[in-house]
Amino acid sequence: MNILLKSARIVCPENRELHMKKRDILIKKGIIEKIAASIDSPSNTKLVDLKNLHVSLGWLDTGVSFGEPGHEERETISHGLHVAGRSGFTDIVLYSSTSPVPDTSSDVVFLKERGQGKATNLYPMGTLTKNSEGSDLAELFDMKNAGAVAYYDFKRQISNPNLLKIALQYAQNFGGLVFSYPQEGSIKGIGVAHEGIVSTTLGLKGIPALAEELQIARDLFILEYTGGKLHIPTISTAESVKLIANAKKKGLDVTCSVAVHNLVFTDESLKDFNTNYKVSPPLRTQKEIKALIKGLKDGTIDYITTDHIPMDVEEKRVEFDNAADGTLGLESAFGALNPIFGVEETVALLTKGHERFGVEPPSLEEGQKACLTLFDPEMEYTFGMENILSTSKNSMFLGTPLKGKVYGIINNDHILI
């Protein structure tokens, strides 16, 4: 397929000659053939001439759930990748949140095969332990050879510190990346919201920030002892940022991420008991949001993730205490982040993480594969049901003013707009 992008403003800090310049971009058979101030449209070429068109390297999301296998009614892999592409993501790391969980090499192969031939690339995780039960390590090396990019018992703490120690030591032999969910279960208990004034006022059982921070402190002590590669997903407190900053100063190989919604909403959103706001980790306070944003700006927090988790309406249309955790995040990610960080910084944050997850980073140069995200950073709108592309509809961003609309992506010789 041949594609010509007209008058596209290129947002690419890695390429100083092109960064924030308007250029035409000619793509032939998935390869960037020419970048110039003006290019005549050859025959048999799809012309893309969109309002206020901006182009960047393709975006990576380090944490996405779909449903397949086991919960196809929430989202299939095929349709989920379509949603990701229309939301600007050329690459997604798939959480190990399926049923059954991916704890063998054949499970990983199945996920990779289901993702083949799409505009958006899928990189599956395997579980850290068999059946995600936290007892025995899964087939880590075999799953690595099958294509797993990390190991994660999805949203479950590693209760046994010796298990984490052994996992970090073993995974060093082949460069494996170990995830540890930051939540100490006995302190979290049956909490459903951030422990504070709002949860007390509403009569909701609280989750102390300590539940997250204690787990992180323990994990970092173990990492310092063992070495290895550790990733802490979706942190949510100011003290967590400090703990990770100190660990990095010591030279520990640790990275972390934060979910988009934990940068936008506080626990004040729970006052109507809307279960779309029930997530794990919970929404916290404005003080925590300020610390998280600062952590992203100074590099302590490595990645932003949508933490996209589709859920059936039946799992949300119940009492708050009994509702499933999770919100959609792909479709609203750019429009939510852009007002906070601005277009250049938002793009920089969304194009990080390739090396950490063993994904080949894209390049915006002539002769290179076209892996591009297309968007308009100025479009303002209120996020509504018409903006949800996912099969499930559980988005906490409904009714939220956003700035920045994604047109789609060009990747793998596909155009998805």
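General observations
- Accessible surface, 1.4 Å probe, highest first, among residues E239, E17: E17, E239
- Net lengthening on full extension, N131/K51 (0.36 nm per residue, minus Cα-Cα): 24.0 nm
- Take region 351-417 with all the other protein chains still there, run a 1.4 Å probe, and you get 42 Å² of accessible area per residue.
- Percent accessible area from carbon and sulfur atoms, the chain, protein chains only, probe 1.4 Å: 49 percent
- The local environment of H308, defined by Cβ-Cβ distances under 12 Å, has a net charge of -3 under the rule Lys, Arg +1 and Asp, Glu -1.
- Relative contact order (%) - region 63-177, alpha-carbon pairs under 8 angstrom, separation at least six: 23 percent
- Aspartates and glutamates with Cα under 15 Å of K28, excluding same-chain neighbours fewer than 8 positions away: D40, E365, E366, D413
- Taking a straight line from the alpha carbon of K248, these lysines sit under 27 Å away, with near neighbours fewer than eight places off in the same chain left out: K144, K155, K165, K188, K229, K287, K290, K294, K297, K352.
- Surrounding net charge for K165, when Lys and Arg each add one and Asp and Glu each subtract one, Cβ distance under 12 Å: -1
- Summing Lys and Arg as +1 and Asp and Glu as -1 over all other residues whose Cβ lies under 10 Å from the Cβ of D413 gives a net charge of +3.
- Amide hydrogen neighbours beyond the local backbone of E378, cut-off 5 Å, H modeled: K405
- Annotation: Cα Rg of region 106-220 relative to the compact-globule expectation 2.2 N^0.38 Å equals 1.28.
- Counting only heavy atoms of the protein chains and using a 1.4 Å probe, F154 has close to 40 Å² of accessible surface.
- Straight-line cross-link reach from K51 at under 19 Å between alpha-carbon atoms covers these lysines, not counting any fewer than eight positions away in the same chain: K6, K21, K22, K403, K405.
- Accessible area, probe 1.4 Å, largest first, for residues Y181, Y225, Y170, Y407: Y225, Y170, Y407, Y181
The values are calculated or read from the model by the stated rules, or taken from the named source; none is laboratory data. None of the values given here were measured: they were computed from a predicted structure. Note: ideal-geometry Cβ built from the backbone for every residue, glycine included; neighbour counts use all protein chains shown. Surface accessibility is based on the protein's heavy atoms, side chains included, excluding ligands, DNA and RNA. Shrake-Rupley method; radii C 1.70, N 1.55, O 1.52, S 1.80 Å.
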